[in-house]
Amino acid sequence: MAESLIAASVPERADAAVQRDAKLRHVVESQQFTVPLLMELFDRTAGMERVVARGGSLDFRSKIMATLFYAPSTRTRFSFEAAMHRLGGSVLSTEHAHAFSSAVEGEQLEDTIRIIGGYCDVIVLRPVEEGGAKRAAQVSPVPLINAGDGDGGQHPTQALLDLYTIFRERPLNGLRVAIIGELDRGRTARSLAYLLAKFDRVKLFFVSPPELRMRRDILDYLDEHDIDYEIEQEIDRVIGEVDVVYQTRIHPDRASNAEMVRRYAIDSSVLQRMKSDALILHPLPRTVELDRSVDDDPRAMYFRQARNGLFVRMALLTMLLE
Amino acid sequence: MAESLIAASVPERADAAVQRDAKLRHVVESQQFTVPLLMELFDRTAGMERVVARGGSLDFRSKIMATLFYAPSTRTRFSFEAAMHRLGGSVLSTEHAHAFSSAVEGEQLEDTIRIIGGYCDVIVLRPVEEGGAKRAAQVSPVPLINAGDGDGGQHPTQALLDLYTIFRERPLNGLRVAIIGELDRGRTARSLAYLLAKFDRVKLFFVSPPELRMRRDILDYLDEHDIDYEIEQEIDRVIGEVDVVYQTRIHPDRASNAEMVRRYAIDSSVLQRMKSDALILHPLPRTVELDRSVDDDPRAMYFRQARNGLFVRMALLTMLLE
Amino acid sequence: MAESLIAASVPERADAAVQRDAKLRHVVESQQFTVPLLMELFDRTAGMERVVARGGSLDFRSKIMATLFYAPSTRTRFSFEAAMHRLGGSVLSTEHAHAFSSAVEGEQLEDTIRIIGGYCDVIVLRPVEEGGAKRAAQVSPVPLINAGDGDGGQHPTQALLDLYTIFRERPLNGLRVAIIGELDRGRTARSLAYLLAKFDRVKLFFVSPPELRMRRDILDYLDEHDIDYEIEQEIDRVIGEVDVVYQTRIHPDRASNAEMVRRYAIDSSVLQRMKSDALILHPLPRTVELDRSVDDDPRAMYFRQARNGLFVRMALLTMLLE
């Protein structure tokens, strides 16, 4: 499934369900964003920061967003819903549609999207299955945003806010980025890798235990697009030379032992070996892989990063609803 | 319980809890709607279609609706909530109050309605128990709408949107309607039968396996009101001569075998035997009883029907809140 | 834990996390309210009653409230959310964050509050753990309201609405109040006792089975503040001489037998022994400890009390958001 998705989604394709005359219609996967589209999005995002700082809201008062979460995620859902409210719009919300659904999602997803698309102006979907967002976008009568599909799928708005957080602080061309943790199933790590590959002279370091290393589909994509990358097993080999450290969680079920998780953790001793102007990002929630002693360091960007999610989602919604 | 509800609810009664001076106060069961009230509702509904098409909203900005769902139904809930948002109002929402309630609903329903009625302007209730909506309406300080009560209870707003969908396309007098599926427990089939019985020269065909046939209370009601009906076990005996096919789901637990469910299914071969201008309705969600090959047929009305739910509920809310 | 909370929270302290220059910043526990602050709140509350009676709303249109309930409570949540909607604002809502959270709350609460505080203007929190609201307030970037923490913690807004309900009907100085039921774990009973202790010549009667009696921390607090109180085991010894009866539920798991619960119940025979102008309050929900035959008695204030929750919470929100 993942392979066919990738094959079908090189940036040059003209998939009517996803892009129509360069106007953004659905947000399904990071690769669909071209650099000009990213720059338009980031320009709007900066505008949204100013709107919120002024305590204002825009006039999307007659617009309705439906958040359809088959798997729960309070933070991601709140971020989208806050974005819609800050725009002046309304929200229909499910906290955990899967637990409450009488029918199996697989059979019903398309029907549900058609019906709910008749009630609202934009759908934010977190499906259970990898590929669910793409299937849903193909039948949706209104714009649809993928809010994270499946364990090995994508989470494109997370990648957009991650990239915006870096963009606000550093030039994206020539960037050296370490992506650390459970990379084979990490939706956010995967989606970010696709996005970074759009920029010139980027170098990526994938740091993980060998059994959790980045999947072949992403590496093939980077090869095709001439992006330089290295596969590493030790933080120490890269930590001193990167501009951005993108830390992710290793799920306890996937770690062979607690010692393994600790080997990839960032704490005050790792901090000392990082560049003085490096940026530390994490999609949160965290466990032990990102020590609380890091929070007060000026390089820690992760709470700022979470808040940027609000602004990026506001900007995306304006692009889809206008 | 069902019998006493029916006995108490012939259209001529003057139940203060349900109707007050012909003004609509609560929406508990389909029978309470007279033909003039239905025509007023449908006239308003057509107006709501125009409001939404213009991208407008009405000024119910200071009004609050509470949706109290003791059993989950994302689609029905979203339809009501979208209606309130399109009117400009606000919503308090529960996705699954039963799962979360510390106390047994039976003891608490009346207290809950009294308390929540102090916070909002209209309550949309899906109780677990048959008859729960009627009990709630008797104590509610604000208008209350039954959003489906119990397995064998009613779902009056579904019946209203079903009827509106037919009304938009055909004269209701003289209509020949096949109602197919699990009829003994089908809330929507039951509520629709009550409504159709209001019109002249209507003929109903109840098509189901013998063990799932329409209950005696509805048949007695039709006898009392001189409505012509037939009980059938085979789709083929009626499919060629009806103006409307109202298909419903047979719950897997109630089907003796998969073959039985397939015997009542509508697919492309059944389509060929239907009148060329027949209408196919289904309350959704569906499983195998309505094949996806039907979706592109111009006679398929079910997605339109779902969308009409938005307009009918907007119209109902304006009648209750004004 | 409880002891240290109390020790840290005598009214004279200057805890920056809770009070800042006498401006209300967070609402964590009843003790933080001084009498002048209570009088300002009650004055605003009366104003809110008038706003709602006029069908109006205030202009908090660009403000967002997040309700973060780790334990479900439909009524309390709806009361807060209705208050925000009546003020014209928007709401982000969780019905049951604990059931849906992938991570353990204990580790994550502070991070969650920091992140969600970046999306909204005020947080309403019902944590699972006693003391959770205080921990959350210490890191929250926006005002935070405790909506009930833990079994033996506090529920300050409930106490505020309880006190407002009495204040509307009677002078608070010199009041004689019986607090009845499961007092050791009763959040509402505990929070109300703290508030009543602010007033002159108040006398409290704690009536409960010996094994459920009021905890030592509250009694010590009353001793320190020279508040007169008595510990009783029989309703009859106090029911005829109090101005207010504050009845609470004995949880079935905590009652040694059904007979015990009935001994503390209020029914029509107990009513006859009460003063003719006494007030009967109950935080609801109720079971057998408050018989339905009491509902029509003019002394029954509990539905009025629940509705006052709307006005008190509106007033509190204006104090926090202005």
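Remarks
- Expected 222 nm ellipticity per residue - DSSP helices of 4 or more, -39500 (n - 2.57), all of chain A, to 500: -11500 deg cm²/dmol
- Residues whose amide H lies under 5 Å from that of residue C:27, counting only those 5 or more places away or on a different chain, are C:144, C:145, C:146; hydrogens are built 1.01 Å from N in the peptide plane.
- Closest approach to the axis carrying C onto B, counted by Cβ on chain C and given in whole Å with its residue, is C:95, 3.
- In plain terms, the C-alpha convex hull of the range A:157-239 casts an average shadow of 5.0 nm² when viewed from every direction.
- Under a 5 Å amide H cut-off, with hydrogens placed 1.01 Å from N, residue B:266 pairs with B:290, B:291 among residues at least 5 apart or on other chains.
- The relative contact order of the range C:170-300, computed from alpha carbon pairs under 8 Å that lie at least 6 residues apart in sequence, is 26 percent.
- In sequence order, the range A:25-31 has phi-based couplings of 10, 10, 10, 10, 8, 4, 4 Hz under the Karplus curve 6.51 cos²θ - 1.76 cosθ + 1.60, θ = phi - 60°, and Gly or Pro positions carry x.
- Remark: the residue B:173-residue B:288 segment gains 38.2 nm on full extension, using 0.36 nm per residue and subtracting the alpha carbon distance.
- Crossing angle, helix C:74-86 versus chain C [Cα axis fit, 0-90 degrees, rounded to tens]: 50
- Per DSSP, loop trypsin sites (Lys or Arg not before Pro) in the range C:131-191 with at most 10 further Cβ within 10 Å: none
- Taking N as its residue count, the alpha carbon Rg of the protein assembly as shown over 2.2 N^0.38 Å: 1.01
- Crossing angle, helix A:35-53 versus chain A [Cα axis fit, 0-90 degrees, rounded to tens]: 80
- In this structure, the amide hydrogen of residue C:203, modeled 1.01 Å from its nitrogen in the peptide plane, lies closer than 5 angstrom to those of C:175, C:176, C:177, counting only residues at least 5 positions away or on a different chain.
- Couplings 3J(HN,Hα) of the range A:310-322, computed from phi: 4, 5, 5, 5, 4, 5, 4, 4, 5, 5, 7, 9, 6 Hz, in residue order, whole Hz [Karplus 6.51 cos²θ - 1.76 cosθ + 1.60, θ = phi - 60°; x for Gly and Pro].
- Table column - 3J(HN,Hα) (Hz), the range B:190-200, Karplus curve with 6.51, -1.76, 1.60, x for Gly and Pro: 5, 5, 5, 4, 4, 5, 4, 5, 7, 9, 7
- Pairs beyond 22 Å (Cα-Cα), from A:134/A:203; C:23/C:134; C:23/C:198; A:23/A:198: A:134/A:203
- Mean Cα-pair separation over length for chain A, i.e. relative contact order, pairs under 8 Å, 6 or more apart, %: 18
- For chain A, modelled as a GNM whose springs connect Cα atoms under 10 angstrom apart, the maximal fluctuation among A:265, A:255, A:136 occurs at A:255.
- Beta-bridge orientation, chain B: approximately 5 percent antiparallel, per DSSP, counting only bridges with both partners inside.
- Two-site FRET efficiency, residue C:277 against residue C:251, from Cβ-Cβ distance with R₀ of 25 Å, rounded to 0.05: 0.20
- Two-decimal log10 I(q)/I(0) for chain A, as the Debye equation yields it once each C-alpha is a single scatterer, q = 0.08, 0.10 Å⁻¹: -0.35, -0.55
Every read-out reported here was derived from the displayed coordinates using simple, explicitly stated rules and does not represent laboratory data. These figures come from a predicted structure and were not determined experimentally. For neighbour counting, all protein chains shown are included, and Cβ atoms are generated from backbone atoms with ideal geometry for every residue, glycine included.
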